[in-house]
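Asks: Okay, handing you the structure first.
The values are calculated or read from the model by the stated rules, or taken from the named source; none is laboratory data. The shown structure was predicted, so the numbers you read here are calculated from the model rather than taken from an experiment. Cβ coordinates were reconstructed from backbone atoms using ideal geometry, including for glycine residues, and neighbour counts include every protein chain displayed. What goes into the accessible areas is simple: the full protein's heavy atoms, side chains included, and nothing from ligands, DNA or RNA. Shrake-Rupley method; radii C 1.70, N 1.55, O 1.52, S 1.80 Å.
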Amino acid sequence: MQVEPTIHSFGLWHHFAHKPGFDCVAYADLAATLGFKGISLSLNNANYRHLGGREPWRMDRLRAHLQGLGFSLEVDTSGTDPAHMTELLGVAHRMGATSLRTYTRHAGTPDEMMAATIRDLAAVAPVASDLGIVIVLENHEDFTGPELAQIVEAVGHPALKILYDYGNSQMVLEDPEAALEAVLPHVYSVHFKDHVMVRPEDAGQLRVAGVPVGDGALPLTCLTKRLLD
């Protein structure tokens, strides 16, 4: 696998929300000073969140700036509706992104959710392929690793891969190492992070809390070694 460290805009959302003058270009410059080689940019709302708006000039401005830095770009959204995905694939292409992250927003039983997600992604995978973009489906908070692998294998298109998040499997009470083993043949990119689980009696419901890397309970070394091996 190619190891290209990038930083995700979600980790800087307070900057975007509250720091005067902090936009996607300032974010890219900060990433460069920190030694990263690319960025992952959230477009996950109607106004394309951390891009700052839907205007084409914003896309072109960031693309030119990233080219000057020699940076890679992954963008992300949520939902698999074909019309929405086709729109975001066009945005990703215009911005020079090589991949588009998403996760399902379907409801229902696990089987119903899987069937709907498969149907959607099968419809848009050829669009992504024509644009030279990989769709990466994240183990977010809905599917186990085997279920995610089953979706990708059912679609059976090279433009559909998996983004493995180190901790999200715990949202569905799945061991992170078991989740990785299930999705490993399909992993294209990862979200590296650390967190702790909070007991229901302390939080009101089972949930996790992000912590600095190394302060949590995720088996970071084992997961990273497995990916690199």
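Asks: Please enumerate the residues belonging to the stretch 128-164 that are part of a helix (DSSP H, G or I) and open to solvent by less than 30 Å² (accessible area, probe 1.4 Å).
Replies: Hits for the stretch 128-164 are 128, 145, 148, 149, 151, 152, 155.
Asks: Before we move on, is residue 9 touching a His at 6+ places or on another chain (Cβ under 9 Å), open to solvent by less than 60 Å² (accessible area, probe 1.4 Å) and closer than 21 Å to residue 191 by Cβ?
Replies: The answer is yes for residue 9.
Asks: Of everything in the stretch 169-205 that's under 20 Å from residue 10 (Cα atoms) and assigned to a helix (DSSP H, G or I), which residue is least open to solvent (accessible area, probe 1.4 Å)?
Replies: Among those that are under 20 Å from residue 10 (Cα atoms) and assigned to a helix (DSSP H, G or I), it is 169.
Asks: Could I ask something else about it? Going residue by residue through the stretch 208-222, is there one that turns out to be part of a helix (DSSP H, G or I), open to solvent by 40 Å² or more (accessible area, probe 1.4 Å) and modelled with pLDDT of 95 or more?
Replies: yes
Asks: Another one. Are there any pairs with C-beta distances below 9 angstrom linking a residue in the stretch 9-34 that is more than 22 Å from residue 70 (Cα to Cα) to a residue that is aromatic (Phe, Trp, Tyr) and part of a helix (DSSP H, G or I), with the two at least 6 apart or on different chains, and if so which?
Replies: Note: pairs meeting the criteria are 15/27; 16/27.
Asks: Output the number of the condition that residue 89 fails; it satisfies all remaining conditions of (1) modelled with pLDDT of 95 or more; (2) out of contact with any helix residue (DSSP H, G or I) (no Cβ under 8 Å at 6 or more places or on another chain).
Replies: (2)
Asks: So residue 163 fits all but one of (1) more than 22 Å from residue 91 (Cα to Cα); (2) touching a residue at least 40 places away in the same chain (Cβ under 8 Å); (3) touching a Lys or Arg at 6+ places or on another chain (Cβ under 7 Å); what number is the exception?
Replies: That leaves (1) as the condition not met.
Asks: Restricting the search to the stretch 107-127, which residues are out of contact with any Pro (no Cβ under 7 Å at 6 or more places or on another chain) and either among the small types (Gly, Ala, Ser) or open to solvent by 60 Å² or more (accessible area, probe 1.4 Å) (or both)?
Replies: Within the stretch 107-127, 107, 108, 109, 110, 111, 112, 115, 116, 119, 122, 125 qualify.
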